[in-house]
1. I'd like the Karplus ³J(HN,Hα) series for region 291-297: coefficients 6.51, -1.76, 1.60, θ = phi - 60°, whole numbers in Hz, and an x wherever there's a Gly or Pro.
2. Please list, ordered by chain and number, the residues whose modelled amide H lies under 5 Å from the amide H of W90; skip anything fewer than 5 residues away on the same chain.
3. Taking only pairs that are 8 or more places apart or on different chains, how many Lys pairs in region 247-342 have Cα atoms under 16 angstrom apart?
4. Counting other beta carbons within 10 Å of each residue's own, what order do Y295, Y290 fall into, fewest first?
5. Could you tell me what % of all Cα pairs in region 247-342 have separations over 22 Å?
6. Mean shadow of region 283-335, computed from the convex hull of its alpha carbons, in nm²?
7. Going by amide H atoms built from the backbone, whose H comes under 5 Å of the H on V258, apart from near neighbours?
8. Ratio to report: Rg/Rh of region 46-117, with Cα atoms as the point set and Rh obtained by the Kirkwood method; give two decimals.
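Only the coordinates and a few stated rules stand behind these numbers; no lab work does. Worth saying up front: this structure is predicted, and the values here are computed from it rather than measured. Here the Cβ is made from the backbone with ideal geometry for all residues, glycine too, and neighbour counts use every protein chain on show.
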Amino acid sequence: MERVWVHVSRAPLFSFTVGRRTTVSSIHLRCAVEGRDNKVEIECSRFYLWAKYMPGTTTADGVLSDQPPHVVASFQLDETGLASSAGLTWMLAEGSAVAMQLMSQPHVPGILQQSAEELMTSLEDHNNAIASSDVTPEANSSPSCGPLNDITITLVGVEKERDEYISPWRPLLVYRWFELKQHVREATQIGSRSRGSMRPGSEVKFRKRPMLNGEVREATGLSSCGNYVLWQDGTLGYRRELVPYRRFFIPAREDKCVRVRSFPHRFADIVGEVPHGCVVEAIGRKKDPYTKEEYALLVLSGLPNAVALAETYELTSIERGKWVWGWSKIASSNGVVFLWEYVI
């Protein structure tokens, strides 16, 4: 079921939250045109509507949930002070928040460059300041909008009732490896039904061997309530017993090159080398099923050529200046150590 959705703002800087899944199809701008000089200036100017989209549903590990601002529409006003940007298909998810600012220059507004959390606080302060002052509708201009006065921005679209299946699991994109807390010797066994079966009468299965202290396992998701972890094999674990795996390593020997590979196998593609003396962060650990050699999943950051490596090998970005690099061998099958654990 769909219905018309309209949002009207009379200020160049505004925000709103999305109640239902919404598709914005057109944006309209209106302003007052007074005086011949002002009229000529407006007709010769182009205006840009910037937006920062903040999704309501994020990944369980919080990675890639803060999106950069972008231009949603640009306007060339006519002699009456009207302009429209139609034919849009801007989709906004349920529960998300949007902050927007109209600019007379194609530069990213400073306020929208903040993180999502900081931005929402700034907008709250901004709205409170406007509400507590004697601002008339005719005075809602801004230096960022140049000659515009008495601005009205109208977003038009359709909103749709939620009709898709909502997964009870939030995916883990990067921080997928966990180990038991120090005081937990053995993980509690949780019975789970066979994958794909939700019937009450289906067989309840348990993991053949419980997780022991010192083990590292990979998970694919975290339950919406935050109490359970979904392991890669489809079984469950209690989140309260676990901590994300995080270690620091340093190359063990000068005469041994520590290569970083795209996946944990000796013949995998090389995506870089760890310089001797460089401390690197590891967020995962896995065994090669054939050689039984252990590999660490390294994070790329702080190297002079980090940006070049990230672009060359198309590495996944975690945050500004940090990428998921690849896998390095901790020790060989014959006992040669490549990486020492570094205690910070």
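1. 9, 6, 7, 8, 10, 10, 8
2. So W90 has HN proximity to V24.
3. Lysine pairs meeting the criterion: 4.
4. With the sparsest Cβ surroundings first, the list reads Y290, Y295.
5. On the way: 938 of 4560 pairs.
Pairs farther apart than 22 Å: 21 percent.
6. For the Cα atoms of region 283-335, the hull's average projected area reads 4.4 nm².
7. The answer is V274.
8. On the Cα set of region 46-117, Rg over Rh gives 1.04.
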